[in-house]
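Report on one structure; see the data block that follows.
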Amino acid sequence: MNSFAQRSGIIPEPIARQPWEMLIPLVLLTSFGGLVLYSAGGGAMEPFALSHFIRFGVFAVMTAIIAALPRDAVRLLTYPAYLTVLLLLLAVEIVGQVGGGSQRWLEFGPIRIQPSELMKPAVVLAMARFYETLPAGMIGSWRSVLPAGMLIALPIGLVLLQPDLGTSVAIAFGGVVVMFLAGLPMWWFLSAMGAGIAALPLIYFFALHDYQRARVTTFLDPESDPLGAGYHIAQSKIAIGSGGIFGKGFNNGTQSHLDYLPEPHTDFVFATMAEEWGLMGGLFVLAMYALILKWGWKVAAEAQNRFSALLAAGATATIFFYIAINLLMVMGMAPAKGIPLPWMSHGGSSMMTNMICIGLLMMVNRWNRMAPRRGLTT
Amino acid sequence: MKIPFLQRGPHKPAKMVNASLLRSSFERRAVLIGAVQGGVGVLLALRLGYLSVAENEKYRLESESNRVNLTLIPPRRGWILDRDGAPLASNRADFRVDLIPERLVDAEATIDRLGELLALEPARIADIKDKVAVARGFQPVEVASGLAYEDFAALSVRLPELPGVVPQRGFSRFYPTGCSVGHLIGYVGPASSEEYEKDPNPLLITPGYKIGKDGLEKQFEMDLRGVPGARRVEVTAGGRIVRDLETREDVQGQPIKLTIDGPLQDYAARRIGLESGSVVVMDCRTGDLLCMASMPSFDPNSFSDGIGGVEYAMLRDDERVPLRNKVLKGLYPPGSTVKPMVSMALMQAGVDPDETVNCGGGLRVGNRVFGCWNRGGHGAVNMAKAIYQSCDVYFYSMAQRIGMQPIADMARRCGMGQEFPLPVTSQFFGTVPDPAWKMKKWGREWQTFDTVNATIGQGYMLSSPLQLAVMASRIATGNHVMPRLTLDTKPKGFNDIDFPLEQVQYVRKAMSDVVNGPGTAGRARLPIPDVLIAGKTGTAQVVSLSISNGKSGPWKYRDHGLFIFFAPYDNPRYAGAVVIEHGGGSGAAYPIARDVMTFLFDPAKGLEALSALEAGWGGTAQQRLEARYAAYAAERGASVSRPPRREEEIFDRVEAEARRAATQSDAIAGEVIAPRPEANPSGTPPGAPAAPASAPAASTAPSPAPPAPPAETAR
């Protein structure tokens, strides 16, 4: 049906077949993000906005390449890619030990790579691949969960050592969503959730670092320390709240321009935006995200086989996780945590992760289009 | 749904799970996750709306209070003016530097660096370190004020490396006549934490803002304070000022107009010279206090800059108590200066002034003999002669006739033992003893010899120089003159006649004869034709005769010298009192009164006399104070103890010392007083005015009784 419809149109087929329902919101969002970064940079392209656009351009090319990958090659490369990223994580740990103190990235000349970011899509890929190969009959047995659990646990362990709680939770989230969608028995998840809630106090008192504990206490009682750990979230809420419905106007944000808002260009870019563009800007951003995620789920639903479906759903969930945690945090509904907002925050690593996820989704979307109607092939 | 953990073994229903089942499970669960995500999205949108619409007002305010920093501009303090509008306390624009202890990163290093940049003395640096160590966070500590522009600029460019250092342009209090007005005006200083707790006005903790700490500065604080201005600036979170938004100018405080005659105050303070004492001059027609000089004093300029440890130690260790305002808090036995007042009491009681008493050099009262200062006796003495010759026997005898009560009542009526409605922080009211007082205080009956002692101003009787001056003006005018210190208060007491005119004229004449006739103070004559001064000498014994003869020996055992006066004698315009502590007798007091009155009638002549004296003393009072400070600091600058943390402590202590000093005379109250020689008939003084050029400010005595008077006394 696709080929027929497209041939009859005026628009050339290679352009018409692109997923514009996602690309247009994505470009709008990134441009808007650039605008906000322009303001956060003191009303100038440097230092944030320009590199934001450049990065988007570079990663768009990467996305196009990923989108063009054939399915068999991806199936073949999944585990080696996963292993490579795992080794990079290990290398971070070793370099960190040697260099003294913790670090989260590796440097290759001018490029600085944060392997934990790469791990997010890699885990989703590996999990999708694993459940694709797992015979349907084994779902529900220990063999359906143990290897997959290892696939998640290994990178999480390494990331936790860095230590980076936020990223480990993000990796776990992507992995668990794939497990959930793979059809593992519901009661496993319910009982795991119950055990998790029961273990929360233990984790709080024994597993968390002091600064993490401070974030949690601050989240539960922001007034306890208005000038200390609670300062960030308090200032962020002031920025968002003072924006009102239409905002203070482009380049007129005082919270960001006078340095009251910490990290106005990365973690708190949404607050910077909301201060200047108000509720309308916020709703626009939320709408763009909704369109992109909706497209992601559509791709997953139209997927022709188990691997593509799980891959698309996991990638969408990973993007969602970034958005949700960041927005919950800047609005004072989650503990402060170093998670940037996709396509708006200034920063290469998160842009790369999210663009990889988009690339994977576009790749699945292309497979969907090329393959015959589903049903026979698996 | 099956409950899998109830089923044991491998025989699980594997056949139930197949690809299509997984597919449908995927779809159902995908919808579930999608719904959860949609829910989160709706939650976020609602939260966003809540923050930016419902709570918009609150957060907009918070954002504004972040952005805008309100800085108080300390108001310029009102001036304190003398009766002719000349400033006794004014403001001087200056550059200053403060420290905010809370913001200091490395206090020691920062202060040392500041000391280097501003070339501060080591003692000053030590003071600043002490103050920073005890300061509460909010309280700024002054480092230096009155800086040269070059120093200020040099410091300003180094600010980034000196956190907690606040340089600013401002105004500092300036007292043009320095130590001459120290006790009268007081001084200013940064508010202490107690004062801030009492009056939590943010102005008080503004760096560089000072409030009145003593004297009139404290008394008129609210009038002098003014209204602070405000500067609204946009600041970054780091405190950097982005731009000025708006500025409201400060409103200068109200000026206070005093009745004080500035030049006279300065003259009198300087004329006291090396002595320790006070001069009070009043205008008899209005009650205006023209001069309330108390010396030695402190320099309110340096007190206002924050007194240093060395300077404080010097003032504290001085036995002449430069921290005590002797006009109000010095209490002295008035000695023979009470005799005109007692004479008034006698006349009121019906004693005929022409009645004579034969003075044979002493009078037996009970089993004791009370001597007259003139052991040879005065012969037949009427009231006038008793005043100008200061005959003690006349008063012993007459006072016994009328008893103590009328005399005590008259003393109170003349102002002794009274507090006056003046805007001063505290005044001592001394003692006017009477039988009821003695019974209450000591639990003993009044004795005849108590009356005898009281009539010559000894025993329990104590009064302050201010009271003596009021007494002089009441006797001189016959009116119940009330002193006033500010021009906006009404003169009082002038329709209140205390004494009939003929009695007043009689006493005026007798007191004129003290100076201009055959009296005890011939040297007090004014070098001005047609103006005759009237007065009464007094010499107050301080310790028992067995300890000291009052003329020589340790300074603190020597007699006080007193003199009350008014001029012109027949139509009094000015009245006053001079009290010289341990001056060795009234001879120390009346030359000062003479010169002060000379200055009032003929300033050129007065200054001529003063410059001759100051040449011998080693400069003006201010110059001598500075020289002494330099010498003291050089001698033991390093080893002095810290000054009290609070200014209040200084003055509590001074007050306590003053009270203790005032009780000194209780010790000899029960003894027979041997009145000290007063006579100076025709200008031959009994003791040298204790301050010729040869005598430095040491506590060892100048020669006790040099019979050869210096040239200035020849008249």
| task | Determine if the stretch B:352-362 includes at least one residue that is among the hydroxyl-bearing types (Ser, Thr, Tyr) and closer than 18 Å to B:Met597 by Cβ. | result | no
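In the stretch B:224-243, how many are among the hydrophobic types (A, V, I, L, M, F, W, C) and more than 10 Å from chain A (Cβ to nearest Cβ)? Talk me through it step by step, then tell me what you get.
So in the stretch B:224-243, the residues among the hydrophobic types (A, V, I, L, M, F, W, C) come out as B:224, B:227, B:230, B:233, B:235, B:237, B:241-242.
Those left that are additionally more than 10 Å from chain A (Cβ to nearest Cβ): B:224, B:227, B:230, B:233, B:241.
Qualifying residue count, the stretch B:224-243: 5.
Restricting to the stretch A:326-340, name every residue that is within 12 Å of chain B (Cβ to nearest Cβ) and either out of contact with any Phe, Trp or Tyr (no Cβ under 9 Å at 6 or more places or on another chain) or not in a helix (DSSP H, G or I) (or both).
Across the stretch A:326-340, the qualifying residues are A:Leu328, A:Met331, A:Gly332, A:Met333, A:Ala334.
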In the set B:Asp570, B:Asp559, the lone residue that is more than 18 Å from B:Asp595 (Cα to Cα) and either buried (at least 20 other Cβ atoms within 10 Å of the Cβ) or among the aliphatic types (A, V, I, L, M) (or both) is B:Asp559
So, B:Arg375, is that one surrounded by fewer than 23 Cβ atoms within 10 Å (Cβ to Cβ), part of a helix (DSSP H, G or I) and modelled with pLDDT under 90 or not?
no
When restricted to B:Gln400, B:Gln405, the only residue in a helix (DSSP H, G or I), touching a Pro at 6+ places or on another chain (Cβ under 8 Å) and within 18 Å of B:Thr448 (Cβ to Cβ) is B:Gln405
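Mind checking whether some residue in the stretch A:132-150 is away from chain B (no Cβ under 14 Å), within 19 Å of the chain's Cα centre (by Cα) and either within 13 Å of A:Gly314 (Cα to Cα) or buried (at least 19 other Cβ atoms within 10 Å of the Cβ) (or both)? Working first, answer last.
So in the stretch A:132-150, the residues away from chain B (no Cβ under 14 Å) come out as A:146-150.
Filter once more, so that each one left must be within 19 Å of the chain's Cα centre (by Cα): none.
Checked against the condition, which is being away from chain B (no Cβ under 14 Å), within 19 Å of the chain's Cα centre (by Cα) and either within 13 Å of A:Gly314 (Cα to Cα) or buried (at least 19 other Cβ atoms within 10 Å of the Cβ) (or both), the stretch A:132-150 yields no hits at all.
Output yes when any residue across the stretch B:216-232 is free of Cβ contacts under 8 Å to residues at least 40 places away in the same chain and either farther than 30 Å from B:Met597 by Cβ or not acidic (Asp, Glu) (or both), and no when none is.
yes
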Report yes if some residue within the stretch B:344-353 is in contact (Cβ under 8 Å) with a residue 24 or more places away in the chain and among the acidic types (Asp, Glu); otherwise report no. no
Those residues of the stretch B:62-96 which are farther than 30 Å from B:Ile185 by Cβ, surrounded by 20 or more Cβ atoms within 10 Å (Cβ to Cβ) and away from chain A (no Cβ under 14 Å) amount to none
Of (1) crowded, with 19+ Cβ neighbours inside 10 Å; (2) under 30 Å from the mean Cα position of the chain (by Cα); (3) more than 30 Å from B:Asp283 (Cβ to Cβ), B:Arg474 satisfies every one except (3)
Scanning the stretch A:276-318 for residues that are under 30 Å from A:Leu261 (Cα atoms), facing chain B (nearest Cβ under 8 Å) and over 16 Å from the mean Cα position of the chain (by Cα) gives A:Gly278, A:Leu279, A:Gly282, A:Leu283
Scanning the stretch A:175-189 residue by residue, those more than 9 Å from chain B (Cβ to nearest Cβ), at pLDDT below 90 and part of a helix (DSSP H, G or I) turn out to be A:Trp188, A:Phe189
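Residue under question is A:Pro115, and the condition is that it be touching a His at 6+ places or on another chain (Cβ under 8 Å), more than 14 Å from chain B (Cβ to nearest Cβ) and not hydroxyl-bearing (Ser, Thr, Tyr); does it hold?
Details: touching a His at 6+ places or on another chain (Cβ under 8 Å): no; more than 14 Å from chain B (Cβ to nearest Cβ): yes; not hydroxyl-bearing (Ser, Thr, Tyr): yes.
Criteria not met by A:Pro115.
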Within the stretch A:370-377, does at least one residue satisfy the condition of being surrounded by 24 or more Cβ atoms within 10 Å (Cβ to Cβ), more than 10 Å from every other protein chain (Cβ to nearest Cβ) and assigned to a helix (DSSP H, G or I)? no
Residue check, B:Ser145 closer than 30 Å to B:Arg484 by Cα and touching a strand residue (DSSP E or B) at 6+ places or on another chain (Cβ under 6 Å):
no
Residue hits (the stretch A:71-87; free of Cβ contacts under 8 Å to residues at least 40 places away in the same chain, closer than 16 Å to A:Leu151 by Cα and not polar (S, T, N, Q)) are A:Leu77, A:Pro80, A:Leu83, A:Leu87
Residue set B:Val327, B:Val342, B:Val321, B:Val338; condition among the β-branched types (Val, Ile, Thr), under 17 Å from B:Glu581 (Cβ atoms) and surrounded by 24 or more Cβ atoms within 10 Å (Cβ to Cβ); output residue B:Val327
Conditions (1) within 24 Å of B:Phe420 (Cα to Cα); (2) under 17 Å from the mean Cα position of the chain (by Cα); (3) buried (at least 24 other Cβ atoms within 10 Å of the Cβ) -> B:Val281 fails only (2)
* Answer yes if at least one residue in the stretch A:267-275 is facing chain B (nearest Cβ under 7 Å), in contact with a Ser or Thr (Cβ under 7 Å, 6 or more places away or on another chain) and not aliphatic (A, V, I, L, M), and no otherwise. => no
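Suppose the filter is surrounded by fewer than 20 Cβ atoms within 10 Å (Cβ to Cβ), over 15 Å from B:Thr337 (Cα atoms) and not small (Gly, Ala, Ser); does B:Thr448 pass it? Reasoning before the result, please.
Working: surrounded by fewer than 20 Cβ atoms within 10 Å (Cβ to Cβ): yes; over 15 Å from B:Thr337 (Cα atoms): yes; not small (Gly, Ala, Ser): yes.
It is true that B:Thr448 is surrounded by fewer than 20 Cβ atoms within 10 Å (Cβ to Cβ), over 15 Å from B:Thr337 (Cα atoms) and not small (Gly, Ala, Ser).
Matching residues to (1) in contact with an Asp or Glu (Cβ under 8 Å, 6 or more places away or on another chain); (2) buried (at least 17 other Cβ atoms within 10 Å of the Cβ); (3) of a type outside the set (S, T, N, Q); (4) within 14 Å of chain A (Cβ to nearest Cβ):
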| site | (1), (2), (3), (4) |
| --- | --- |
| B:Glu249 | no, no, yes, no |
| B:Gln252 | no, yes, no, no |
| B:Ile256 | yes, yes, yes, no |
| B:Gly262 | yes, yes, yes, no |
| B:Arg270 | yes, yes, yes, no |
| B:Gly273 | yes, yes, yes, no |
| B:Met292 | no, yes, yes, no |
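Tell me, which helices (runs of 4 or more DSSP H) wholly within the stretch B:117-227 include 2 or more residues that are over 29 Å from B:Leu466 (Cβ atoms) and among the charged types (D, E, K, R)?
Of the helices (runs of 4 or more DSSP H) lying wholly inside the stretch B:117-227, those with at least 2 residues that are over 29 Å from B:Leu466 (Cβ atoms) and among the charged types (D, E, K, R) span B:122-134, B:149-157, B:193-198.
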Log entry, pairs with first residue in the stretch B:40-61 being facing chain A (nearest Cβ under 7 Å), second being charged (D, E, K, R), beta carbons closer than 7 Å, six or more apart or on different chains, reads B:Leu51/A:Lys237; B:Tyr59/A:Lys237
Pairs returned, first residue in the stretch A:272-288 that is of a type in the set (D, E, K, R), second residue that is in a helix (DSSP H, G or I), beta-carbon separation under 7 angstrom, 6 or more apart or interchain, are A:Glu275/A:Ala239; A:Glu275/A:Ile240; A:Glu275/A:Ser242; A:Glu275/A:Gly243; A:Glu275/A:Gln255; A:Glu275/A:Ser256; A:Glu276/A:Ser39; A:Glu276/A:Gly243
Being without any contact (Cβ under 8 Å) to a residue 40 or more places away in the chain and either touching a Cys at 6+ places or on another chain (Cβ under 6 Å) or closer than 21 Å to B:Lys210 by Cβ (or both) narrows B:Ile185, B:Ile128 down to just B:Ile128
Within the stretch B:601-616, is there a residue that is at pLDDT 85 or above, part of a strand (DSSP E or B) and small (Gly, Ala, Ser)? no
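The values are calculated or read from the model by the stated rules, or taken from the named source; none is laboratory data. Being a predicted model, the structure only gives us computed values, none of them experimental. No Cβ is skipped: glycine too gets one built from the backbone with ideal geometry, and neighbour counts run over all protein chains shown.
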